[in-house]
Amino acid sequence: MLEVIKKDLILNRNVMLLNTVVFTGILVVVAVWLSESPPTRLFAGFAGLMMAFLPAITVTREDRFNATALGCSLPVRRKTIVRARFVLSVGTALLGLVGTFLLVSLLPHSHYRVGDLFDRGPLVTALTVIAIALSLLLPFILRFGMNGVLIFLVATQVLGVLLLTVVSVAGFAQHREIVGQIVAGFVRLRELTGPAAFSGLMAAVLLALLTLSYLVSARVFENREL
Amino acid sequence: MNETTAGLTDAAWTGTEVPMGDFEANPLAISVANLRKRYPDFLLKDVSFSLPQGYVMGLVGPNGAGKTTIIKLIMNLIRPDGGRIELFGLDHRAHEEEVKRRIGFVYDVPPFYGDVSLRDTKRAIAPFYPAWNETLFNELVGQFELPIKKKVKTLSKGMRTKFALALALSHDADLLVLDEPTTGLDPVFRRELLHGLSGILQDQAKSILFSTHITTDLERIADFVTFIRDGEVILSASREELLDTWGVVRGDEAALAAIDPATRHGSRRHAHGADVLTSDAAAARAACGDSVVVDPASLEDIVVLLEGRKKEEHA
């Protein structure tokens, strides 16, 4: 698996660095230059989402150069390639997140301080967003390559439109009620289990989601024709 | 006599010094049985052939015949709908890593990252092969005059193929799988390459599967030839079998009618009569007598005349 990670890093190094700089730059603009800063958790979630898209670069570049066949003709199982992609994706997203949080919080005139971003709330938000985004995104890009990113984005847009339609038909108050009930359910679960156990439970759920995503990705990549 | 019409004479088959005749005793490098693959507009039909270790097999056929599909199936890049592939006696999927470590693969269009240098591409690929030989790679880079610091996108198609060959030859592969490797190469390098491949076969454990539509390449190095057309194996035979039994019978059409239809595999009309491809040249000579000329069949004759049969069938 390490050979696959090393290969992806060597072949995508420059573009990954460039994208990290661009994504971090956008977050710096939000954190420093916007007159009104978003709430810390919202900023953390946004940062998590951006960092989750970093690993997509390796697969989309492979598509651009029709190089998936190169990786799959090497002496390595496709399952191992998928596992390496997951490890690299999570690792890159986490490194990008920590680096961005550090940079943003250390910059003069930033709306956020180190203690704000490296607090449990923003970190849990960012990690949750990363885990969910990667879990949903990776099966698409491993199966469909560059088109997978587009399919994912279009699918989420369509889903958003559908939700908005449902909300507008059912009425705003009812929507607020449903969201309120979900939040209340989480709060009650947290009260019942205690903060530590709740965090552990959430981590286990996210880990299970990533594992499920890996199993689906391995299955679809195994059957991908090159 | 030029190479395309020279026929399968011993002089044309200078590629290997491995003695033919004892190949049946060798373990198999490739064994393909009843391989099937269906696409909406193409069907690979129950393809079977085998290649003993230490020999070269040429996969030959017109564009779109199914050569690349067979190679992709062997490399596990696409899934078969049926059949079995064994490499070195092992199932190619169950033992994927083990068998691929022993294969050097050259693609018809080498799929490298255009914006990465040759050196970095090598750095990314070499760790996958425990038997990687850096000294040999550097020698090949020098021999092929590859600009190792330049990006892949600056290379011509021929240079990319040379780079792919350098990678494939640098890890002591027991089997080289080459998909149209000579396409896009200049004649001088093509000749050098074929000579180099012959050299590899001095090690009797090495084997080569070589797909091409340039039949003269195969005449230089192949020990076995498998003809593919429309997804079907039309013929898979050793050089000896082709030399001993196949031939082109030339004469007027009335005389050629005496050839047994079961051994007749295609024909071509021309101003002076016709040429008929036969799988039993001796029987055809006996049947037609002195009114015809029987020549050994070159690979080009076989490809062209088999295509002639296809046209006859369609007509």
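The values are calculated or read from the model by the stated rules, or taken from the named source; none is laboratory data. Note that the coordinates shown come from a computational prediction; the quantities given were computed from them, not determined experimentally. As a convention, Cβ positions derive from the backbone with ideal geometry for all residues, glycine included, and neighbour counts pool all protein chains shown.
For the condition surrounded by 18 or more Cβ atoms within 10 Å (Cβ to Cβ) and within 14 Å of another protein chain (Cβ to nearest Cβ), what is the one hit in A:LEU54, A:LEU11?
The match here is A:LEU11.
Could you check segment A:15-49 and list, in sequence order, the residues that are assigned to a loop (DSSP other than H, G, I, E, B), in contact with a His (Cβ under 8 Å, 6 or more places away or on another chain) and surrounded by 15 or more Cβ atoms within 10 Å (Cβ to Cβ)?
A:SER37
Answer with yes or no whether B:SER207 is touching a residue at least 24 places away in the same chain (Cβ under 8 Å), buried (at least 16 other Cβ atoms within 10 Å of the Cβ) and under 26 Å from B:GLY58 (Cα atoms).
Considered against the rule, which asks whether it is touching a residue at least 24 places away in the same chain (Cβ under 8 Å), buried (at least 16 other Cβ atoms within 10 Å of the Cβ) and under 26 Å from B:GLY58 (Cα atoms), B:SER207 comes out as yes.
Name the pairs whose Cβ atoms lie under 7 Å apart, with the first residue in segment B:149-161 and modelled with pLDDT under 90, the second loosely packed, with under 13 Cβ neighbours inside 10 Å, and 6 or more positions between them or separate chains?
Within 7 Å, the pairs are B:GLY158/B:ASP186.
Might you check whether a residue that is within 13 Å of chain A (Cβ to nearest Cβ), over 25 Å from B:LYS45 (Cβ atoms) and in contact with a Pro (Cβ under 8 Å, 6 or more places away or on another chain) occurs anywhere in segment B:132-142?
There is no residue in segment B:132-142 that is within 13 Å of chain A (Cβ to nearest Cβ), over 25 Å from B:LYS45 (Cβ atoms) and in contact with a Pro (Cβ under 8 Å, 6 or more places away or on another chain).
When B:LEU59 is evaluated against the numbered criteria (1) more than 13 Å from chain A (Cβ to nearest Cβ); (2) surrounded by fewer than 19 Cβ atoms within 10 Å (Cβ to Cβ); (3) not acidic (Asp, Glu), which criterion, by number, is the only one it fails?
Result: B:LEU59 passes all but (2).
Against the conditions (1) at pLDDT 90 or above; (2) closer than 21 Å to A:LEU134 by Cα, where does A:SER73 fall short? Just the number, please.
Here A:SER73 clears every test but (2).
On the basis of being modelled with pLDDT of 90 or more, more than 10 Å from chain A (Cβ to nearest Cβ) and assigned to a strand (DSSP E or B), does B:LEU51 make the cut?
Considered against the rule, which asks whether it is modelled with pLDDT of 90 or more, more than 10 Å from chain A (Cβ to nearest Cβ) and assigned to a strand (DSSP E or B), B:LEU51 comes out as yes.
Can you go through B:GLY266, B:GLY308, B:GLY289 and tell me which one is at pLDDT below 85, surrounded by fewer than 17 Cβ atoms within 10 Å (Cβ to Cβ) and either hydrophobic (A, V, I, L, M, F, W, C) or over 29 Å from B:VAL99 (Cα atoms) (or both)?
B:GLY289
Looking at (1) under 30 Å from B:LEU178 (Cβ atoms); (2) assigned to a helix (DSSP H, G or I), which one does A:ASN66 not meet, given that it meets all the others?
Among (1) under 30 Å from B:LEU178 (Cβ atoms); (2) assigned to a helix (DSSP H, G or I), the lone unmet condition for A:ASN66 is (2).
Suppose we filter segment B:96-116 for residues that are assigned to a helix (DSSP H, G or I) and facing chain A (nearest Cβ under 7 Å); how many remain?
Number of matching residues: 4.
Taking the condition outside any helix (DSSP H, G or I) and within 14 Å of another protein chain (Cβ to nearest Cβ), does A:VAL59 pass?
no
Kindly indicate whether any position in segment B:300-312 is over 23 Å from the mean Cα position of the chain (by Cα) and free of Cβ contacts under 8 Å to residues at least 40 places away in the same chain.
Within segment B:300-312, one or more residues are over 23 Å from the mean Cα position of the chain (by Cα) and free of Cβ contacts under 8 Å to residues at least 40 places away in the same chain.
Any residue at all in segment A:152-167 that is farther than 27 Å from A:VAL32 by Cα, surrounded by 15 or more Cβ atoms within 10 Å (Cβ to Cβ) and touching a helix residue (DSSP H, G or I) at 6+ places or on another chain (Cβ under 7 Å)?
Yes, segment A:152-167 contains a residue that is farther than 27 Å from A:VAL32 by Cα, surrounded by 15 or more Cβ atoms within 10 Å (Cβ to Cβ) and touching a helix residue (DSSP H, G or I) at 6+ places or on another chain (Cβ under 7 Å).
So which of B:ASP186, B:ASP174, B:ASP244 is surrounded by fewer than 22 Cβ atoms within 10 Å (Cβ to Cβ) and free of Cβ contacts under 8 Å to residues at least 12 places away in the same chain?
After ruling out the rest, the residue left standing is B:ASP244.
Here are some residues: B:ARG119, B:ARG93, B:ARG79. Which one is more than 8 Å from chain A (Cβ to nearest Cβ), within 24 Å of A:VAL59 (Cα to Cα) and in a loop (DSSP other than H, G, I, E, B)?
Going through B:ARG119, B:ARG93, B:ARG79 in turn, just one is more than 8 Å from chain A (Cβ to nearest Cβ), within 24 Å of A:VAL59 (Cα to Cα) and in a loop (DSSP other than H, G, I, E, B): B:ARG93.
Determine whether segment B:221-233 contains at least one residue that is surrounded by fewer than 19 Cβ atoms within 10 Å (Cβ to Cβ) and out of contact with any Lys or Arg (no Cβ under 7 Å at 6 or more places or on another chain).
Yes, the conditions are met somewhere in segment B:221-233.
Here is a check on your reading of the model: is A:ARG64 within 14 Å of chain B (Cβ to nearest Cβ) and either modelled with pLDDT under 90 or in contact with a strand residue (DSSP E or B) (Cβ under 6 Å, 6 or more places away or on another chain) (or both)?
yes
Go through the residues of segment A:187-210 one by one and say whether even a single one is touching a residue at least 60 places away in the same chain (Cβ under 8 Å), closer than 29 Å to A:THR60 by Cα, part of a helix (DSSP H, G or I) and touching a Pro at 6+ places or on another chain (Cβ under 7 Å).
No, there is no match, as no residue in segment A:187-210 is touching a residue at least 60 places away in the same chain (Cβ under 8 Å), closer than 29 Å to A:THR60 by Cα, part of a helix (DSSP H, G or I) and touching a Pro at 6+ places or on another chain (Cβ under 7 Å).
Just checking, does segment B:152-169 include any residue being in contact with a strand residue (DSSP E or B) (Cβ under 7 Å, 6 or more places away or on another chain), buried (at least 20 other Cβ atoms within 10 Å of the Cβ) and under 24 Å from B:ALA297 (Cα atoms)?
No, segment B:152-169 contains no residue that is in contact with a strand residue (DSSP E or B) (Cβ under 7 Å, 6 or more places away or on another chain), buried (at least 20 other Cβ atoms within 10 Å of the Cβ) and under 24 Å from B:ALA297 (Cα atoms).
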